[in-house]
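Only one structure is covered here, and it is reproduced in the block below.
Since every read-out is calculated from the coordinates, none of them should be taken as a lab result. Note that the coordinates shown come from a computational prediction; the quantities given were computed from them, not determined experimentally. So basically every Cβ, Gly included, is an ideal-geometry build from the backbone, and we count neighbours across all protein chains shown.
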2 protein chains.
Amino acid sequence: MRELTPDRVRAAFAALGTGDRQKMLEYWDEDLRFEIPGNHAHAGWHEGLDGFLAFLKTVGELSGGTYLAENITVLVNAEDGYSVDVNKNRALRAGAPEDSTSPYHLLDVTALHVLRWRDGRIVEGRGVILGDGPATSALWWSPLDPDGTRNAA
Amino acid sequence: MRELTPDRVRAAFAALGTGDRQKMLEYWDEDLRFEIPGNHAHAGWHEGLDGFLAFLKTVGELSGGTYLAENITVLVNAEDGYSVDVNKNRALRAGAPEDSTSPYHLLDVTALHVLRWRDGRIVEGRGVILGDGPATSALWWSPLDPDGTRNAA
């Protein structure tokens, strides 16, 4: 079992981006659970690596591939089997004007993941949003445009 | 400068409980800022050690001294100067029935602090609540009782 280090946490997220399932399974347990915070349509526990990947696909669609995470720091407690990675996240809803600053269009939050590791793999993840981000991001996840019309997504 | 370790993070919170300002200043910078998450009446940045202590006094009053934090884990990145402590928090609003489970009465959340350290002291803290805790805790912080009457606090 490899040691839990900040580099291993970064490698786990990098593996998600490869699309290579065997590579993902080096870090993410097949039976993991992942919680998206809040109470919007996509919030709550997503079950299994497949459930988590389906959620990530949804994020890609809603954001038109614009979701960006800029890492601030990664912390680990190897003995307890926990890691936390803090990130600045930014995403524009698909179809929104590029210069929109409405929270219905623009996600602009600092957030983190609390990951629990067992036998070298992530078995549980919980996303958490800092400050008033849970309120503003609930608008981003909603099907509303700033004028109250429902969009297709 | 002492090394940033999980034990030092625990000692910082223990110092807050002593009421000894000199002891607190071993860990908490005089000019620190501390963010309470959400958008309720006590949310946002509290400025300076005095502002932070005034907020803690408010918590003590609103909870009638029942606020309890059970630590789950502490993580550090000494190089970057960050710590995170994850806790189960529980508190009953002052004057509420002891067996009430209403979110207007009972705070029952998992939350964490992101602390930024400089020269051995905490210069910035941000509270963050996991899951749907920001929504339920907003009710706890409100001046409402479950029947919509405003309480004195």
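Miscellaneous remarks
- Cα-Cα pairs of the range B:6-141 separated by more than 21 Å (percent): 41
- Value of [θ]222 nm, deg cm²/dmol, for chain B, DSSP H segments ≥ 4, -39500 (n - 2.57) each, nearest 500: -7500 deg cm²/dmol
- Computed about the Cα centre, the dipole magnitude for the range A:6-141 is approximately 120 debye when only Lys and Arg (+1) and Asp and Glu (-1) carry charge, each at its Cβ.
- For residues of A:72-78, the mean tally of beta carbons on other chains within 10 Å: 6
- Using a 7 Å projection from Cα along Cα-to-Cβ, the label point at B:E70 is separated from the same position in the remaining copies by 3.9 nm, smallest value first.
- Between identical copies, the spacing of B:D145 label points, each set 7 Å from Cα toward the C-beta atom, reads 4.6 nm from nearest to farthest.
- Estimated FRET transfer efficiency when R0 is 35 angstrom, pair B:E98-B:R10 (beta carbons, to 0.05): 0.75
- Restricting attention to the protein assembly as shown, close to 90% of DSSP beta bridges with both partner residues there are antiparallel.
- Judged by the mean number of other Cβ atoms found within 10 Å, the most tightly packed of the peptides B:103-115, B:60-72 leads the ranking B:103-115, B:60-72.
- Comment: the Cα-to-Cβ extended label point of A:G17, at 7 Å, lies 4.2 nm from its counterparts in the other copies, nearest first.
- For chain A, relative contact order (Cα pairs under 8 Å, six or more residues apart, normalised by length) works out to 23 percent.
- Between B:D108 and B:N151, the distance separating the two model label sites (each 7 Å from Cα on the Cα→Cβ line) works out to 1.6 nm.
- Calculated FRET value between A:E30 and A:I72, using beta carbons and R₀ = 25 Å, to 0.05: 0.25
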